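A.B. asks: One structure is given below, represented as structure tokens, and several questions about it will come after.
Bear in mind these aren't lab numbers, they're just calculated from the coordinates by the rules spelled out. These figures come from a predicted structure and were not determined experimentally. In this analysis, Cβ positions are derived from the backbone assuming ideal geometry, glycine residues included, and neighbour counts consider all displayed protein chains.
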Amino acid sequence: MDFRQSVTIPTVLKVGNGMLDKIGQILIEKQIDKVVLFFGNDLIELFGSQVIDALSNAGVNVLSYMELDSICMQDVVELAFSMNNQSKAVIGIGGGKVIDAAKYAAFLKKLPFISVPTSASSDGFSSSSASMLVSGKRTSVPAKMAYGIIVDIDVLKSAPEKFIYSGIGDMVSKITSLYDWCYEQQQGVSIVDDFAMIIAKKAVNSFVRTPFKSIKDDLFLKELVNSLALSGIANELAGSSVPVSGSEHLISHALDKLLEPPQLHGIQVGIATYLMSKVQNHRFNRINTVFKETGFWNYVKTLEMRKSDFAAAIDIAPTIKPHRHTYLHEEKYREEAKQLLYEDKYLNDILF
């Protein structure tokens with residue numbers, strides 16, 4: 001019996017200053033000379049000329065480019081099969097929506113996907129799944145790990161700080177998601193992939209130990225992006241999002257259903273991560289320190305989020321993924337989580 005496992009990881013990972021100006025050179029080195037470009041909303045005006053010039057000057061032919069905002073499955077399928085057949089890669093530049101849509105279009109056309117995130121708000125730019133609207137509901141669908149990830153630190157710095165806080169929340173959440181994964185194995189519901197566990201642990205531990213004076217320090221942003229990218233590889237190794245998405249993500253997904261509009265994914269996840277770390281009695285002091293020192297707590301306090309919404313989300317959480325068995329799939333831990341909402345010092349300070 002052949003037990004060998006094949007996994008895909010990015011061939012290109014470039015994180016640094018001025019990367020948008022080097023994008024053409026990077027692709028030509030990989031013999032990618034014809035591309036289709038998708039930008040997020042309003043990003044053609046901000047970065048269009050810079051990116052297209054960088055590609056053209058290096059000898060990359062831009063077959064077409066457009067802004068893309070829809071993650072409706074039907075729209076993306078139609079878009080994918082209308083793309084120029086000469087294209088050798090699909091490039092997505094922007095935030096979550098355009099990255100997901102471009103990634104899925106590339107998957108459908110069996111083309112390499114080049115992920116160029118303009119914010120570090122979550123690990124979506126490096127994951128092998130895409131969040132699409134299917135029959136009006138956000139659904140995670142299989143896609144493909146990015147062939148290349150190119151991140152310009154200068155662009156990340158120019159984005160609003162809320163996106164960095166979101167990335168911090170999403171990255172730190174690996175502490176509780178990994179603990180949930182081990183718990184699920186104890187309950188006989190899941191099997192921990194040792195190597196995926198190592199990758200995810202190394203990613204989050206490297207990030208939370210990064211020294212910084214400002215969350216816009218080059219080193220801090222590079223470490224955040226690199227750690228989020230490693231999280232995507234942990235997903236690929238495990239064959240699912242289990243290593244990086246536990247009870248804290250279930251709370252956030254429930255909030256998405258309850259709130260109109262919801263807050264940024266990583267913001268909701270970060271708050272839920274601290275809450276669940278208290279329930280798990282696992283590394284909550286480290287999480288609290290990161291959130292205090294980065295200013296995450298101070299930012300969250302300005303949002304005036306409500307304890308009652310989190311309490312309702314906790315009750316809904318197990319129904320989001322009923323096949324799993326996180327801490328929140330047990331009533332005693334749901335009750336403990338709801339009690340902590342009203343008793344924990346820090347949660348009382350940031351939630352209303």
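A.B. asks: At 1.567 mPa s and 4 °C, plugging the Kirkwood radius over alpha-carbon pairs of region 108-262 into Stokes-Einstein gives what diffusion coefficient in µm²/s?
C.D. replies: Answer, rounded: 79 µm²/s.
A.B. asks: Under a 10 Å cutoff between Cα atoms, tell me which one of Pro112, Pro262, Pro211 has the largest fluctuation in the Gaussian network model of the chain.
C.D. replies: Sorting by GNM fluctuation, first place goes to Pro211.
A.B. asks: Another question, if that's okay. With springs only between Cα atoms under 10 Å apart, run a GNM on the chain and tell me which of Gly136, Gly18, Gly169 wobbles the most.
C.D. replies: Gly136
A.B. asks: For q values of 0.13 Å⁻¹, compute log₁₀ I(q)/I(0) with the Debye formula on a Cα-only model of region 12-158, without solvent.
C.D. replies: Relative scattering, expressed as log10 I(q)/I(0), comes to -0.49.
A.B. asks: Quick one: pull the percentage of alpha-carbon pairs in region 161-350 with a separation above 24 Å.
C.D. replies: That fraction is 33 percent.
A.B. asks: Sticking with this structure for a sec: What are the radius of gyration and Dmax of region 116-201, computed over its Cα atoms and given in Å?
C.D. replies: When restricted to the Cα atoms of region 116-201, Rg and Dmax are 15.6, 46 Å.
A.B. asks: Does the chain classify as rounded, prolate or oblate by the C-alpha gyration tensor (a ≥ b ≥ c root eigenvalues; a/c under 1.5 gives rounded; else a/b over b/c gives prolate, otherwise oblate)?
C.D. replies: Judged from the Cα gyration tensor, the chain comes out prolate (a/c at least 1.5, a/b above b/c).
A.B. asks: Further question: Give the peptides 86-92, 24-30 in descending order of average Cβ contacts within 10 Å, highest first.
C.D. replies: My ranking of the peptides, most packed first, is 86-92, 24-30.
A.B. asks: Another question, if that's okay. Net charge near Arg138: determine it from the other residues with C-beta under 13 Å of the C-beta of Arg138, scoring Lys and Arg +1 and Asp and Glu -1.
C.D. replies: So the surrounding residues net to +1.
A.B. asks: Another question, if that's okay. Considering only Ile44, Ile271, Ile164, give the residue with the highest GNM mean-square fluctuation for the chain, with springs between Cα atoms whenever their separation is below 10 Å.
C.D. replies: Ile44
A.B. asks: Which of the chymotrypsin sites (Phe, Trp or Tyr not before Pro) across region 60-161 are loop residues per DSSP, with 15 or fewer other Cβ within 10 Å?
C.D. replies: Phe81
A.B. asks: Taking 0.36 nm per intervening residue step and subtracting the Cα-Cα distance, what contour gain separates Val77 from Glu161 on full extension?
C.D. replies: Extra length from Val77 to Glu161 when fully extended: 26.9 nm.
A.B. asks: Still on this structure, I have one more. Normalised by the number of residues in the chain, what is the relative contact order in percent for Cα pairs under 8 Å and 6+ residues apart?
C.D. replies: 15 percent
A.B. asks: Take the cross-link list Lys103/Lys162; Lys174/Lys301; Lys97/Lys157; Lys137/Lys222; Lys216/Lys321; Lys109/Lys162 and give me the ones stretching past 29 Å between alpha-carbons.
C.D. replies: With Cα atoms farther than 29 Å apart: Lys137/Lys222; Lys216/Lys321; Lys109/Lys162.
A.B. asks: Between Asp21 and Glu335, what length in nm is gained on full extension when 0.36 nm per residue of separation is reduced by their alpha carbon distance?
C.D. replies: Length gained between Asp21 and Glu335: 107.8 nm.
A.B. asks: Hey, with R₀ at 25 Å, roughly what FRET efficiency would Val192 and Arg138 work out to, going by the Cβ-Cβ distance, to 0.05?
C.D. replies: Efficiency, from the Cβ-Cβ distance: 0.35.
A.B. asks: Turning to a different aspect of this structure: Where in region 224-261 does the amide nitrogen come within less than 19 Å of the point 7 Å from the Cα of Asp349, taken along Cα to Cβ?
C.D. replies: Nothing falls inside the zone, counting backbone N under 19 Å.
A.B. asks: Additional query: Extension gain Asn281-Gln86, at 0.36 nm per residue separation less the Cα-Cα distance, in nm?
C.D. replies: In short, 64.8 nm is gained.
A.B. asks: How many angstrom lie between the C-alpha centres of region 278-297 and region 229-247?
C.D. replies: Using only Cα atoms, the two centres lie 21 Å from each other.
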